[in-house]
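Enquirer: Would you mind keeping the following structure in view while I ask a few things?
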Amino acid sequence: MHYAPAPLHIPDGFLNLVVSLIFWALTIAAVGIAISKTNKSLGEKQVPLMGIMAAFIFAAQMLNFPVAGGTSGHFLGGALAAIVLGPWAGILVMTAVISVQALLFQDGGLLVMGANIFDMGVLTAMIGFGLYRMVSASANKTLKLAVAGVAAWLSTVAAALLTALQLWISGTSSLQIVMPAMLGVHVLIGIGEALITVAALAFIMQARPDLLEAGKVAEKGGRGWIAAGLVVSLIAVLLSPFASGDPDGLERVAENLGFLEFGLDAPYTILPDYTIPFLGETALSTIVAGVVGALVVLGLMVVVGGMLKKQNAR
Amino acid sequence: MHADAFDRYYAAESTLHRLDPRIKVVVTVLFILSNALLLDGAWAAFGLGWIFLLLANSASNLGVDFTFRRSFIALPFMLVAVSAIFAPSGQPLAEWRVFGISLVPTDVGVIRFGSILLRTWLSVQAGILLVAVTQFPDLIHAFEHLRVPAVLTTIIAFLYRYLFVLTDEVLRLLRARDSRSAAIPGQKSGRSVFWRAQIAGHMAGQLFLRSYERSDRIYNAMLARGYTGQMRTLRAHVMRRRDWLVLSVSILALLFVQLIGRIG
């Protein structure tokens, strides 16, 4: 048996450089914080635990169940990892999984890996853990499982939504086609994901209730995650029907806001005079504009992270 | 399941195999970056990039068409890019009516689609070649040298090590499910889809707990052997003159590709 996953992640060449670099910056910031957070809570145990859990996600993706007509449902696992291990550990685990998928199986590119990790690791952790954290202290098990199911479904759909937007901003796909297609497929995949996540969580609650104690969950991520999860979920919920039902509308809004032009020719508008005579005006200015954009985003993340840290210390 | 099911390394004696893994990683990333920087329709430069790839292939002693034969795994995702053909800017080439929707391919759109296809196809091949000529532990070590946080690279190294173990665990779970699920050929067996999903979910939960507890045991075993949070390797990677030479020649070649892409 030669393991070959169906390529589902964005490959190299599909996103333009500015989009790739911006999402790399966001991902590097998130992973950096995640490393220091889990290091603090787990110490040297961090490496074996995260490594095995990443292998778990990888192996669990082989679990399938027959649906109908020869197709089968698969498990992605990001939401479950974020709920049980906590958001920071979830981000690290998904980062490791996506890196290996890209490096070893060419499932997803290297330059666009930042975007892939953000879509499937960071966003999933925000929605998965954020929504679950809302009810983690509740004694009602059914409520907790229901919220976990919704979170798993929504994180799948939100990842598809963001991927479609990235492809569109990069000029790879037209919105009218990619948005309904991506959302349509992932609304269905998300149902399978939700069912498996709920069943797995119910099993863990039964067998190892200590892992999901309210106090332990609160330790892994503060109340800030609830806000983050709610905001991201709300955006996804509001944007999805609008984007799939009226993609032209979204395109028009983006055009009116000048957002589309930013995406398509950002390098020229941010640094209009930046030219190197013998290379032409695109190669270096693209890189520099991308780096500037990435640094701005990174700086923003550091400031926000610092503020959050202070808030936590108080 | 055989232990090599996840291994993508092809053992051979070649210049590329002997090259320092850092150089291989850096040149691969530069090659992908170079593809991303080429403008739409810079066909000559894409062709040069392909020649660069073919030369690398032949330097690997695995056959000139080695990566080509394996490059079709990225094809399914190409469907996503097909809609680029209908980019609104540019001259319309034709008008097709499909299910009552009129689709207008434009010249800009077709050029764009072709370029995306080429970029992806070249980049995927570079990645295939990289893992074919570099052992995974060496690859991880190279990333560590390139300042990727050691925690992350070690987690990835762990993932790779226990992938085989946990996959075996999954196969055992699947085999157990199969042997519990007797069915008469031609007759519907099992209950609703929800029930089946629940069974799969319980298997995922079971696998999670087994993995979680295994990580505890592994950690204790590591502690007992003097683990301090650092992983060590016996293979000291030292850059030699040949490595620097390959790096500089590759960078010059990629700069040349870019130059052709701008002029042509």
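Where a number appears in this text, it was derived from the coordinates with a stated rule and is not lab data. Keep in mind that this is a model prediction, so the values were computed, not measured. Virtual Cβ from ideal backbone geometry, glycine too; neighbours counted across all protein chains shown.
Enquirer: Arrange the following residues from fewest to most other Cβ atoms within 10 Å of their Cβ: A:41, B:123, A:99.
Expert: A:41, A:99, B:123
Enquirer: Tell me the net charge near residue A:134. Cut-off is 12 Å between Cβ atoms, residue A:134 excluded, with +1 for each Lys or Arg and -1 for each Asp or Glu.
Expert: +3
Enquirer: Starting with the fewest neighbours, write out A:76, B:53 ranked by other beta-carbon atoms found within 10 Å of each beta-carbon.
Expert: Ranking A:76, B:53 by Cβ neighbours within 10 Å, fewest first, gives B:53, A:76.
Enquirer: Express the relative contact order of segment A:17-248 as a whole percentage, based on alpha carbon pairs under 8 Å and six or more residues apart in sequence.
Expert: It comes to 23 percent, rounded to a whole number.
Enquirer: Given the pairs A:37/A:220; A:45/A:144; A:144/A:220; A:45/B:24, which are separated by over 20 angstrom at their Cα positions?
Expert: Distance filter (> 20 Å) returns A:45/A:144; A:45/B:24.
Enquirer: Normalising by the residue count of chain B, find the relative contact order in percent from Cα pairs under 8 Å and 6+ residues apart.
Expert: Worked out over chain B, it gives 31 percent.
Enquirer: Give the relative contact order (percent, whole number) for segment A:21-143; include only Cα pairs under 8 Å separated by 6+ residues.
Expert: With pairs under 8 Å counted, the relative contact order is 31 percent.
Enquirer: Helix check for chain B. Which DSSP H runs span at least 20 Å along their own axis by Cα, with a mean Kyte-Doolittle hydropathy no less than 0.0?
Expert: Once both thresholds are applied, what remains is B:21-37, B:43-58, B:107-133, B:150-180, B:241-263.
Enquirer: Using a 10 Å cut-off around each Cβ, can you sort B:144, B:13, A:193, B:213 from fewest to most neighbouring Cβ atoms?
Expert: Taking fewest neighbouring Cβ atoms as first place, the list is B:13, B:213, B:144, A:193.
Enquirer: What area, in nm² and to one decimal, does the C-alpha convex hull of segment B:177-264 cast on average over all directions?
Expert: The number I arrive at for segment B:177-264 is 15.8 nm².
Enquirer: Another one. Grab the alpha carbons of chain B, take their convex hull, and tell me the volume per residue in Å³.
Expert: 217 Å³
Enquirer: Label segment B:60-199 by shape, choosing from rounded, prolate and oblate, from the square roots a ≥ b ≥ c of the eigenvalues of the Cα gyration tensor; if a/c is under 1.5 it is rounded, and otherwise prolate applies when a/b is larger than b/c, oblate when it is not.
Expert: Because a/c hits 1.5 or more and a/b fails to exceed b/c, segment B:60-199 counts as oblate.
Enquirer: A further question follows. Could you tell me what fraction of 2.2 N^0.38 Å the Cα radius of gyration of segment A:17-248 comes to, as a two-decimal ratio?
Expert: Ratio of Cα Rg to 2.2 N^0.38 Å: 0.98.
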